1. Based on the alpha-carbon gyration tensor of the chain and its eigenvalue square roots a ≥ b ≥ c, which shape applies: rounded if a/c is under 1.5, prolate if not and a/b is larger than b/c, or oblate?
2. Only counting other Cβ atoms within 10 Å, I'd like 178, 10 sorted with the fewest neighbours first.
3. Could you please rank 103, 126, placing first whichever residue has the fewest other Cβ atoms within 10 Å of its Cβ?
4. Sort out for me the Cα centre separation of the stretch 131-194 from the stretch 36-57, rounded to whole Å.
5. Of 166, 62, how do they rank once you tally other Cβ atoms within 10 Å and put the fewest first?
6. Measuring from label point to label point, each 7 Å out along Cα→Cβ, what is the residue 14 to residue 183 span in nm?
7. How high is the FRET efficiency from residue 124 to residue 97, r the C-beta distance, R0 25 Å, rounded to 0.05?
8. Which order, highest average first, do 138-144, 39-45, 50-56 follow once you tally other Cβ atoms within 10 Å for each residue and take the mean per peptide?
Ligand code: PAN
Ligand code: ZN
């Protein structure tokens, strides 16, 4: 006999991108992104302040089994570290062929994607933009605006997270502020994977 899971609804506060009745809120400070910003001196200078870079609002604790979908919102605060915009850690999915959809709710940002071979793609995110993260692409989001940038993510609940590959090799490109505008530049610390 099929055991049916109960349907459920969470409310996204569209003014802020938060989920007030979230099952879990994850707070990521600068110290949680250690070594990910390219300018290590600028990172060090901000170390004592240890600002909150982003928060993830997990709608519900969905079973992490095939067929289920997880969903959450992410709010990235405005700011830069050595000119590089505040951003998420970024990851590949642990089950690498799992895709995902990001829908921008608020603010202005960019979705930076890359293949394990270092091919890069940038998707611009303003409210209403619904971006597709195809299987196998690593993904990171960046707040390129002056207000909080928020988006909703929907993903296979069994996708999981591979942060270690990004921690070791980095992203091939960075998004930095130049003359008040975002610009894609090569990451001096990037190593090709493998
Ligand atoms: C998103 C991300 C979220 C935070 O829900 O997990 O935006 O980014 P990091 O996980 O890289 O810290 C997602 O892509 N889930 O698969
Ligand atoms: Zn993901």
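The numbers here are math on the coordinates, done by the rules we state, and not lab data. The model shown is predicted, which means the values in this text are computed figures rather than measured ones. Neighbour counts are summed over all protein chains in view; Cβ atoms, including those assigned to glycine, are modelled from backbone coordinates with ideal geometry.
1. prolate
2. Numbers: 178 9, 10 16.
Result, fewest neighbours first: 178, 10.
3. Details: 103 16, 126 13.
Result, fewest neighbours first: 126, 103.
4. Using only Cα atoms, the two centres lie 16 Å from each other.
5. Details: 166 21, 62 18.
The order, fewest Cβ neighbours first, is 62, 166.
6. Spacing of the two 7 Å Cα→Cβ label points: 3.7 nm.
7. Result of the calculation: an efficiency of 0.45.
8. 138-144, 50-56, 39-45
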